[in-house]
Amino acid sequence: MACPAGYGPKEAKSLPYEKPVIFENIAEPKELKSYLDDAIYLVGGQYAILLHFAHPGLAQGTVEHSNFASRILNRLQTTAPFLNAAVYCTQAEKEAIFSVIHRSHSSVMGEGYFADDPELHKWTAATLYMALVVVHETFFGKLSGEKLEVLYKESAIYGKPLRMPPDMWPATLDDFWPYWNHNIEALEVTDWAKALSRDLLYPKHIPLWLKPLGPTARLLTVTWLPERMQREYGLEIGASNEACTIWWLGM
C-alpha cells in the first residue's frame, strides 16, 4: 500500500492554498499498515458511518451540505484514499491532500455545528478504530490487550489530519472506554441520521454487481451496532436473522 494517487502539490495549487494543521503523530501507524492491506476491513464501513451519523452535527452537516444518497459509492471511494493518506503519506503529501479537504470543510457549518470542530473528528477516529476491532474479532478472533492498545494509539492518526489536537485523544484504552460508552449512551440518533441510514443500507445508485452483497453487509452492520443504536435506527434484528448471522460466520 502507498500514498493514494489523485491529489498532490500540483492538484492543490488549483485551489486557494491553505496549509493544513498536521499535528505530530501520537504513535507511528506500523501496526495499522498490516491491517489496511486487507480489504476485509472495508466491511466495517457501514458500521463506522452509522456510528458517525449518531453524532447530530455530523448527520446534520451531511444532510445540509452533501448529496449523500446519490454519491454513496463515490463517498466510499474517496474515504478509502483518505484513510490510506493519513497512514501512508509523507508530511508534504498530507499537506497537499488535506489542504483540499480543509478547504472543502471551510464552508460546511450550520446551527450548532461546523466541519472543522475537532470534537467531530475525534468521534470519527473513534468509530474507525472500533470498526477495525469488530471486523477483526468477527473474522479472525479476539485481539490481545496489548494489540488493542497499540492499534488504539495508532488510530489517533485518523483525527490528526482533520485538526484534532493529539491531547484530545484519550491517552490509553482505559481512558477511552468512558468516552466511548458515554457517547454510545448519550448521542442522539436524529431524523437526519435515520434518513442517511436508509440511503446507506439500501442504496439506489450502486453497480449491479455490488447489490448481492447488500443483505450480508446489512446483517453484519446491524449485528455489530450497540443495541440502543439498533433500536433508535429501527434496525433491531430478530432471532432468525441472528441465527443466520451465527451460521454465516461459522460460530
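A few points about this structure:
- K122 vs. criteria surrounded by 16 or more Cβ atoms within 10 Å (Cβ to Cβ) and modelled with pLDDT of 80 or more: yes
- Qualifying residue in segment 180-192 (condition: within 23 Å of V43 (Cβ to Cβ), assigned to a helix (DSSP H, G or I) and of a type in the set (A, V, I, L, M)): yes
- For segment 198-238, filtering for residues that are touching a residue at least 60 places away in the same chain (Cβ under 8 Å) and not in a helix (DSSP H, G or I) leaves 6.
- Just one of the listed residues (A171, A131, A126) is part of a loop (DSSP other than H, G, I, E, B) and either under 17 Å from the mean Cα position of the chain (by Cα) or within 30 Å of K94 (Cα to Cα) (or both), and it is A171.
- Here segment 204-227 is the region considered, the condition is being within 19 Å of the chain's Cα centre (by Cα) and either small (G, A, S) or surrounded by fewer than 18 Cβ atoms within 10 Å (Cβ to Cβ) (or both), and the residue that is modelled with the lowest pLDDT is G214.
- Annotation: of all residues in segment 125-161 being over 20 Å from K30 (Cα atoms) and of a type outside the set (S, T, Y), the one that is surrounded by the fewest Cβ atoms within 10 Å (Cβ to Cβ) is G141.
- Residues that are among the small types (G, A, S) and not in a helix (DSSP H, G or I), drawn from segment 149-168: G159
The values are calculated or read from the model by the stated rules, or taken from the named source; none is laboratory data. Please read all numbers here as calculations on a predicted model, not as lab measurements. Every residue, glycine as well, gets a Cβ built from its backbone with ideal geometry; the counts of neighbours run over all protein chains shown.
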